[in-house]
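A short worksheet on the structure shown next.
Where a number appears in this text, it was derived from the coordinates with a stated rule and is not lab data. Keep in mind the model is a prediction, meaning the values are calculated, not measured. All Cβ positions, glycine included, derive from the backbone under ideal geometry; neighbour counts span all protein chains shown.
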């Protein structure tokens, strides 16, 4: 159980950092910036991955675009 909790905390920390970067880029980059697009995709991917790992309802996961 401890390993799972550590993994979850590690993944949540990576998600937090990805969100922080996205917020920064939203404020400083052009709307069509590749950096901004990559940051958005990273956040989506991490949310989907955590949702699957944590057993969150499939409709929620499929609703993330």
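Computed quantities for the displayed model
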quantity	calculated
Hits in the range 39-60 - residues which are within 12 Å of the chain's Cα centre (by Cα) and surrounded by 13 or more Cβ atoms within 10 Å (Cβ to Cβ)	39, 40, 42, 43, 44, 45, 46, 47, 48, 49, 50, 51
Residue 55, sole failed condition from (1) without any contact (Cβ under 8 Å) to a residue 24 or more places away in the chain; (2) in a helix (DSSP H, G or I)	(2)
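Okay, residues lined up against (1) free of Cβ contacts under 8 Å to residues at least 24 places away in the same chain; (2) in a loop (DSSP other than H, G, I, E, B); (3) in contact with a strand residue (DSSP E or B) (Cβ under 7 Å, 6 or more places away or on another chain):
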position	(1), (2), (3)
3	yes, no, no
11	no, no, no
17	yes, no, no
21	yes, no, no
25	yes, no, no
31	yes, yes, no
37	yes, no, no
43	no, no, no
